[in-house]
Amino acid sequence: MILAQAFLLIFFSELGDKTFFIAALLAARNSAAVVFAGTFTALGAMTIISVVLGRTFHYIDEILPFSFGGNDLPIDDIAAVCLLIYFGVTTLLDASSSDGLKGEEEQKEAELAVSEFSGNGSGILAAASTVFSTFLLVFVAEWGDKSFFSTIALAAASSPLGVIGGALAGHGVATLLAVLGGSLLGTFLSEKVIAYVGGTLFLVFAAVTLVEIVT
């Protein structure tokens, strides 16, 4: 269950995100395989960091439980629910009020980041340089992003291995779509549809986590 939750949340969080556009723009001028390697490695590293932070929060809550009315409250799970609800509501509000400007802003930010990208050329050394440059570019762009905090929330309340597996799968599929033709995505799915689905999933999984807390 958590594997599917992590996959869906991360996949829909990444579609049309700044890192998605970064990967798409880089793949347009470099080897798609090389860009995928650098992007996915950065997202994988970010996923591990997020899960470690989430599990740390979980273990601190176990060691120093918060008691209310004689009962220990699962603060880590409650915080995860609040975070998922926040992302769900804000995503849906953005979708209902946006006319496509959000996606344009993300794309402009990605173009600005890529404008100073140094990876080019051919050969093993050039490929290694491109992978490293892509890694740094995506890692910095992803830090503090929605998917970063979503992964922390899921890891705090669920199995870390399931979160890692689902998150990596979600990042992998989204990155693959980006490097193989991210600019074509709008032909099949609008930004509003992606945002509505993503926001709804956040709220659904917040409800699921809340039910698990109560039961």
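The values are calculated or read from the model by the stated rules, or taken from the named source; none is laboratory data. What you see is a predicted model; the values in this text were computed from it and never measured. Cβ placement follows ideal geometry from the backbone for every residue including glycine, while neighbour counts extend to all protein chains displayed.
Worth a mention:
- Scanning the stretch 69-82 for residues that are modelled with pLDDT of 85 or more and either more than 14 Å from VAL214 (Cα to Cα) or part of a loop (DSSP other than H, G, I, E, B) (or both) returns a single hit, CYS82.
The rows are residues; the columns are (1) buried (at least 19 other Cβ atoms within 10 Å of the Cβ); (2) farther than 25 Å from THR90 by Cα; (3) not small (Gly, Ala, Ser).
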{"position": "MET1", "(1), (2), (3)": "no, no, yes"}
{"position": "GLN5", "(1), (2), (3)": "yes, no, yes"}
{"position": "SER13", "(1), (2), (3)": "yes, no, no"}
{"position": "LYS18", "(1), (2), (3)": "yes, no, yes"}
{"position": "LEU26", "(1), (2), (3)": "yes, yes, yes"}
{"position": "ALA32", "(1), (2), (3)": "no, yes, no"}
{"position": "THR41", "(1), (2), (3)": "no, yes, yes"}
{"position": "THR47", "(1), (2), (3)": "yes, no, yes"}
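- Failed item in (1) modelled with pLDDT under 90; (2) more than 23 Å from VAL208 (Cα to Cα), with THR41 passing the rest: (1)
- Taken over the stretch 126-169, the residue count meeting the criterion of being within 17 Å of ALA23 (Cα to Cα), more than 12 Å from the chain's Cα centre (by Cα) and not hydroxyl-bearing (Ser, Thr, Tyr) is 8.
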